[in-house]
Amino acid sequence: MNEKNPKARSLAIVFAFSLVALLVTGNSTAEEMPDSEYQMLSNGGEFSGTVNSVNAEQGIVVIDDRSFVLDRIVQFNGGTWSREQVLKRLQTGDSVEIEVGQIVDPSRGARLIKSLNVANK
């Protein structure tokens, strides 16, 4: 590269930075969840999965790595139960089907659970 041509030098620097940016961001799509595994949820929608964890203090249930918050009163296995009663009965590994409500925690995108059925109980 000729030191007397600042335009060529500038173009070379821009090209080098562009190439580095392309290489760095090229792998970002590998971390996205494939469409076959990702399920968009909306108010009144249904979701099936496996319970990963239960946080009784916060009323949070993690199902397939998604956070959900139990409503104060929940339709649970065909009956009406309090949040506390449901949390005592849920266990890690349970296969569940839920009906989701509105988003109640925007920072995590956590939705309300309106009803929950445990498939393996």
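The values are calculated or read from the model by the stated rules, or taken from the named source; none is laboratory data. It should be emphasised that the depicted structure is a prediction, and the values quoted were computed from it without experimental measurement. All Cβ positions, glycine included, derive from the backbone under ideal geometry; neighbour counts span all protein chains shown. In case anyone asks, the SASA skips ligands and DNA or RNA and just uses the protein heavy atoms, side chains included. Shrake-Rupley method; radii C 1.70, N 1.55, O 1.52, S 1.80 Å.
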inquiry  = Give me the residue from the stretch 80-115 that is over 20 Å from SER48 (Cβ atoms) and over 20 Å from the mean Cα position of the chain (by Cα) and, out of that set, least open to solvent (accessible area, probe 1.4 Å).
reply    = SER82
query = Looking at the stretch 78-101, is at least one residue touching a residue at least 12 places away in the same chain (Cβ under 8 Å) and among the aromatic types (Phe, Trp, Tyr)?
reply = no
